[in-house]
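Nothing in this text is a laboratory measurement; each read-out follows from the coordinates by a stated rule. As the structure is a computational prediction, the values presented were derived from the model and not from experiment. So basically every Cβ, Gly included, is an ideal-geometry build from the backbone, and we count neighbours across all protein chains shown.
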Amino acid sequence: MPFAKKSLGQNFLISPRVVGAIVAAGNLKEREIVLEIGPGKGTLTRALLEAGAHVRAIEKDDRLIPILAKVFEKEIANGKLELIHGDVMALGDGIFSREWGGSDSYKVIANIPYYITGALIRNFLSAKIKPSLMVLMVQKEVAERIIARDGKESILSLSVKVYATPELVMNVSRGNFFPIPNVDSAVIKLSNIRNPFSDENGAPDENHKIGKIAEQRFFEIIKAGFAQKRKKLISNLEKVMPAMSGEMPKEKLKILFEKLGLDENIRAEDIPLKMWLKLSSQN
């Protein structure tokens with residue numbers, strides 16, 4: 001087996017107990033489609049297949065492709081495993097919409113490279129065809145930020161919570177991997193995945209356009225709100241609200257904050273998701 005590549009963020013999971021917990025969190029049904037990112041040595045892949053899933057595994061490391069193809073020769077032949085050589089960040093919506101098993105419904109269950117965590121989660125949650133569930137191994141600190149265990153929100157936590165409900169499955173110490181990483185990890189589950197920005201009534205294409213505009217507006221607002229964390233939210237929003245909503249000087253922002261019941265002295269990290277959605281929907 002080739003050595004792990006640091007450039008690809010490879011740390012192979014070697015604990016059967018943790019693998020079992022990941023699969024259990026996926027709540028898999030027979031023949032359900034699972035997208036696995038970075039199968040590595042195939043430890044999790046094997047467990048997913050044994051749970052009855054049909055697995056689409058995306059592996060970037062060209063050294064591992066022939067090895068995985070040999071190990072899972074039977075499963076590939078009988079259609080239970082599709083091995084894709086490529087970079088998940090470059091494949092685009094094609095991996096979601098390809099005909100496979102006659103269904104667009106799928107789950108993402110993976111021990112992902114940590115350096116792409118934020119971008120990867122955002123890509124899947126904002127995709128036109130979203131997964132029904134995601135179970136991911138991530139860096140422990142990132143898991144804590146996503147869940148906001150300290151009660152303080154961030155761009156990352158809000159970017160996840162607007163689409164899904166995050167929860168901690170388990171903490172995973174660094175000794176469960178080879179080679180041993182420099183950080184501890186955690187398994188998180190993202191459930192209740194939804195699109196809060198579109199109205200499903202009416203013409204799908206038109207609703208998709210409207211939804212994308214609302215989605216863009218939401219992220220512009222939260223990025224502006226967190227631009228300078230130590231500043232009051234109202235001061236951070238002065239720069240972005242006029243460009244998006246016509247003339248909106250500080251006095252009009254004060255009126256808006258009063259309307260929404262927001263303290264003028266509040267900071268971005270203390271604002272819950274529902275209030276950010278209200279702020280971004282103001283004309």
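Compare the peptides 157-169, 224-236 by average per-residue count of other Cβ atoms within 10 angstrom and give them in order, highest first.
Answer by packing, highest mean first, reads 157-169, 224-236.
Summarising the label geometry, the points placed 7 Å from Cα in the beta-carbon direction at M89 and N192 lie 3.1 nm from one another.
Multiply the residue gap between S132 and E50 by 0.36 nm, knock off their C-alpha separation, and tell me the result in nm, one decimal place.
Answer, rounded to one decimal: 27.5 nm.
Kirkwood-type hydrodynamic radius, region 106-189: 13.1 Å, calculated from all non-identical alpha-carbon pairs.
What FRET efficiency, computed as 1/(1 + (r/R0)^6) with R0 = 35 Å and r the Cβ-Cβ distance, is obtained for R174 and Q216, rounded to the nearest 0.05?
On the way: r = 38 Å, r/R0 = 1.09.
It comes out at approximately 0.35.
Packing here is the average count of other Cβ atoms within 10 Å per residue, and on that basis the peptides 14-25, 108-119, highest first, run 108-119, 14-25.
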